[in-house]
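Each remark here refers to the structure printed beneath this line.
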Amino acid sequence: MTSALQPAAESLPSLLKRHFGHEDFRPLQEQAIRAALAGRDVFLLLPTGGGKSLCYQLPAVIRNGQGAVTVVISPLIALMHNQVDLLQANGIRATLLNSSITSREAGQRERDLLRGCYDLVYMAPERLMGPAGQRLLQRLNVAQVAIDEAHCISEWGHDFRPEYRMLGGLRVMFPDVPIMALTATATPRVARDIVEQLHLRDPELLRGDFERKNLHYEVRPKHRTFEQVLAYLRQRPTAEGIIYVASRAKAEDLAERLRQHEIAAVAYHAGMDHQTRTENQHAFIHGQARVCCATIAFGMGIDKPDVRFVMHVDLPRHLEGYYQETGRAGRDGLPADCILFFSPGDRQRVMYFIDQKPDEAERERAIKQLDQMIRYARHSHCRMVPLLGYFGETFVSPSGGCGHCDNCRSPRPMRDVTEDARKLLSAVARTQQRFGLPHVIRVLRGSMAEPVTQRGHDQLSVHGIGKAYATEYWRALAQHLIEHDQLALTDDEFRTTFLTPAGLAVLKGQTKVEAGLPQPAPSAGPEKRRKRSSAAAADLTADQQELFEKLRQLRLQIARQQGVPPYIVFGDTTLRHMAVIRPTSLDDFIQLPGVGQAKLERYAARFMELIQQAGEP
Ligand code: ADP
Ligand code: ZN
C-alpha cells in the first residue's frame, strides 16, 4: 500500500514528527535534507550521535510513492540490520541485501525492489559493486546514493576498508544521481580525500560542531583500576557502557572478574570466534549485558543510543581513536561519562609497541600521536582544547569553561607547593642527577626495593621524606616542574633527571612554586568519590523513577518478544518523558518525543495500560 502522502503539501517538520517521532531538526539536518531534495551532492560531517542517518532517510521517505529507491552503502552487516530494524519500527519500507541472507530471499527482495516496494535498500559495498549488484542497479530507479561511514574510503582515516575504494566508480555509473557522503571522522585531510575519491560535484559541505556537550570528559589517576571501575559501576547500577582495554586477554579477564562481582559483563575482541563475538555483541545491544569489555575492534557496528559510559583503562594510542571510541557514548543526547584512567607509566607500555614498528617514519608518527594523547591526559585546563584541536578546530573554551570536562567542572585552585617541590628537587640532587624519575620517587617515598638499597639510597637524608603522598602526586608535581623548566629529563632513553638553574633557585628557597595540583592523596587512601550523582538519572522524582523502571521492564519484554534491541521500541528519552507526563490518551501519547504514527499504533496501548495501573503518583 502506498501512502497518500503529498510531499509538497506537508511541511518538513511535520513529516519528521509523523515518520520519525522527532520534534525538531538537529543542527544541519534540515540543510542536508533540502540540498538532497534539490538533487545536490552532500558531504555531511557530523559527530557520532549527530543524527546523520535521518538526512538521507527522510528524503527517501518523501520520495515515497515515486517508485525511486535510495541506496545506502554501509560497511557492516550489524549496522545495516540495526538501521533497517529502526526504520521498520517506524513503519518505513526499508530492506537490506548482504551476505547474511539466503540467495532465495535476496532474489525475492530484488523483485520487490524492482516493483517499487521499498524506499530504502542497504547494501555492502562489495555487493553493490559486484556483478549481481550492478545488474540490479541498472534496472532500479535510483533516487539517491548515501554512503555511510564514508571515511572508510580514505587511507588517511583510522578505518580504511579496501572494498570502499570501488565506490569511486559510482559517479560514472550514476552521473545524474545525487550522492550523500556521511562521516563522523573529520580530519581535514580525510575530508578532502573523501570528496576527491567519490568525485562529489560541488557538494554542499556541511560540517557540524564536534563538541558533544552531553559527554562528560574526565581523566582519573589510575591506582587500582579494577576497584575503581567496580566502584563506578556500583554507583550507577542501571548504567550500561563500554570499557576499552589494550589487549584481548585483558578484555576477557576484566569481563570475568566483573561477572564474579555480579556485574553482567561480556568481552569482545577480534580474536574470538565469530559466533561468540556476535552473541556477546547481541547481549550488550539487547540489554542482557550491562558492560562490554572490549578492544578497539568493538564499536563501529554499535548504534546503541543509550551507552551511558565509555571507560578506557589503558591509554589509547591516539586522540582520534579516543574521540571516536568515547563518541559511542550518549548518542541519544542524554548525559554520559567518558573516563580515561591514566598513569604516567602508560607511556612506556605504548612505546614498547611502537618500538616494534619496523618503519622509521611510521614510528615517528606514532610517537607524535602518543604525545598528543598524553598531552590530553595531563592537560590541566579545558580538555576540549586538545581534543577538538586534533580535528583542526581551534576550540576556545568559554570563560566559564566548557561545562563538561573535569577541569572546567571543578578547576583546581592554585596553591603553594614550594616545600614539596624542594623535597623532590633535593632528592634529584642527592641521587647525583643520575637517575630517572621512578627511582627518585621511590627514594622519596622510602622504598626498600633492591635498586634503592643496593646503591645505599636508603641511607640518604631524603629517603622517605615524601612517603606521606602517593607516587601519583609526586609524578604530577614533577610534571609541573618539568613544564616550568624547574626540572629536566635527558633526551636519551634513560630519561635521567637533572636540575636546571630555575630549579636550583627553588631549591635554595629563592622562588616559590604554585601549581593547580590536586591535594595530595595519602598513599593508599580511598578514591575520592564524585559528588555529582549520575546525571542521566537526575531530575526524576522517586515516583517518576519508579515508573521509569517499570516502563523499561515493559520495553525489555516487548523487545524480547519481537527479537529486537530495546531502543528500537523506544529510546530512554521517550520513556523518561512518559514517566513524567503519564499520557493517558493517544493525543497525549503522540506528543512524546520519539513517538511517530507507526509507534503510536503499535505500542501506545500497552504503555498506557501500564501507566494507568501504576496510578497517580
Ligand atoms: P549518527 O549516525 O550521526 O551517529 P544517528 O543517525 O544514529 O546518528 O542518530 C543518533 C540518535 O539521534 C538516534 O537515536 C536518532 O533517533 C536520534 N535523532 C536523530 N535526529 C533526531 C532529531 N531531529 N531529534 C531527536 N532525535 C534525533
Ligand atoms: Zn572544559
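The values are calculated or read from the model by the stated rules, or taken from the named source; none is laboratory data. These numbers come from a predicted model, not from an experiment. Neighbour counts are summed over all protein chains in view; Cβ atoms, including those assigned to glycine, are modelled from backbone coordinates with ideal geometry.
Quick check on segment 350-366. Is at least one of its residues of a type in the set (D, E, K, R), more than 18 Å from residue 222 (Cα to Cα), within 16 Å of ligand 1 (Cβ to nearest atom) and in a helix (DSSP H, G or I)? No, there is no match, as no residue in segment 350-366 is of a type in the set (D, E, K, R), more than 18 Å from residue 222 (Cα to Cα), within 16 Å of ligand 1 (Cβ to nearest atom) and in a helix (DSSP H, G or I). Going by the structure shown, is residue 314 within 12 Å of ligand 1 (Cβ to nearest atom), not in a helix (DSSP H, G or I) and not aliphatic (A, V, I, L, M)? Judged against the criteria, residue 314 is not a match. Return yes or no: is residue 254 within 16 Å of ligand 1 (Cβ to nearest atom), within 27 Å of residue 159 (Cβ to Cβ) and not in a loop (DSSP other than H, G, I, E, B)? For residue 254, the condition - within 16 Å of ligand 1 (Cβ to nearest atom), within 27 Å of residue 159 (Cβ to Cβ) and not in a loop (DSSP other than H, G, I, E, B) - is not met. Residues that are among the basic types (Lys, Arg), surrounded by fewer than 19 Cβ atoms within 10 Å (Cβ to Cβ), away from ligand 2 (no atom under 14 Å from the Cβ) and not assigned by TED's automatic domain parsing to the domain that holds residue 492 are absent from segment 434-446. Restricted to segment 396-421, and to residues there that are assigned to a helix (DSSP H, G or I) and among the hydrophobic types (A, V, I, L, M, F, W, C), the residue that is farthest from ligand 2 (Cβ to nearest atom) is 421.
Looking only at residues of segment 433-453 that are of a type in the set (Lys, Arg) and either over 40 Å from the mean Cα position of the chain (by Cα) or part of a helix (DSSP H, G or I) (or both), we find that the one that is nearest to ligand 1 (Cβ to nearest atom) is 442. Each residue in segment 567-617 was checked for being more than 23 Å from residue 82 (Cβ to Cβ) and among the acidic types (Asp, Glu), and 4 of them qualify. For beta carbons closer than 7 Å, sequence separation of 6+ or different chains, a first residue in segment 396-410 that is in the same structural domain as residue 339 (by TED's automatic domain parsing) and a second that is in a helix (DSSP H, G or I) and buried (at least 16 other Cβ atoms within 10 Å of the Cβ), the qualifying pairs are 397/384; 397/385; 397/408; 401/408; 402/384; 402/408; 405/384.
Helices (runs of 4 or more DSSP H) fully within segment 7-119 that include at least 2 residues being away from ligand 1 (no atom under 16 Å from the Cβ) and modelled with pLDDT under 95: 103-114.
Taking the options 430, 383, name whichever one is more than 16 Å from ligand 1 (Cβ to nearest atom), over 20 Å from residue 220 (Cβ atoms), at pLDDT 90 or above and surrounded by 14 or more Cβ atoms within 10 Å (Cβ to Cβ). Let's see the steps before the verdict.
Working: 383 fails: over 20 Å from residue 220 (Cβ atoms).
Answer to the check: 430.
For residues that are buried (at least 18 other Cβ atoms within 10 Å of the Cβ) and over 14 Å from residue 95 (Cα atoms), tally how many sit in segment 105-126. Residues that pass the stated criteria total 1. Taking residue 266 as the residue in question, decide whether it is outside any helix (DSSP H, G or I), surrounded by 20 or more Cβ atoms within 10 Å (Cβ to Cβ) and within 16 Å of ligand 1 (Cβ to nearest atom). It is false that residue 266 is outside any helix (DSSP H, G or I), surrounded by 20 or more Cβ atoms within 10 Å (Cβ to Cβ) and within 16 Å of ligand 1 (Cβ to nearest atom).
Screening segment 140-205 for helices (runs of 4 or more DSSP H) wholly inside it with 3 or more residues that are away from ligand 2 (no atom under 16 Å from the Cβ) and under 23 Å from the mean Cα position of the chain (by Cα) returns the ranges 188-197. Taken over segment 328-347, the residue count meeting the criterion of being assigned to a loop (DSSP other than H, G, I, E, B), on the phi < 0 side of the Ramachandran plot and surrounded by fewer than 23 Cβ atoms within 10 Å (Cβ to Cβ) is 6. If the condition is being within 26 Å of residue 477 (Cα to Cα), of a type in the set (Phe, Trp, Tyr) and more than 16 Å from ligand 2 (Cβ to nearest atom), then segment 352-395 contributes only 352.
Please find, within segment 207-225, the residue that is nearest to ligand 2 (Cβ to nearest atom) out of those that are within 21 Å of the chain's Cα centre (by Cα) and over 18 Å from residue 326 (Cβ atoms). Give the steps one after another, and end with the answer.
Here is the first cut: in segment 207-225, the ones within 21 Å of the chain's Cα centre (by Cα) are 207-222, 225.
Those left that are additionally over 18 Å from residue 326 (Cβ atoms): 207, 221.
Values: 207: 21, 221: 18 Å.
Once the filter is applied, the top-ranked residue is 221.
Residue check: is residue 464 at pLDDT 90 or above, in the same structural domain as residue 425 (by TED's automatic domain parsing), part of a helix (DSSP H, G or I) and touching a Leu at 6+ places or on another chain (Cβ under 8 Å)? Criteria not met by residue 464.
The single condition from (1) without any contact (Cβ under 8 Å) to a residue 24 or more places away in the chain; (2) assigned to a helix (DSSP H, G or I) that residue 230 fails is (1). Looking across segment 158-186, not a single residue is small (Gly, Ala, Ser), away from ligand 1 (no atom under 16 Å from the Cβ) and crowded, with 17+ Cβ neighbours inside 10 Å.
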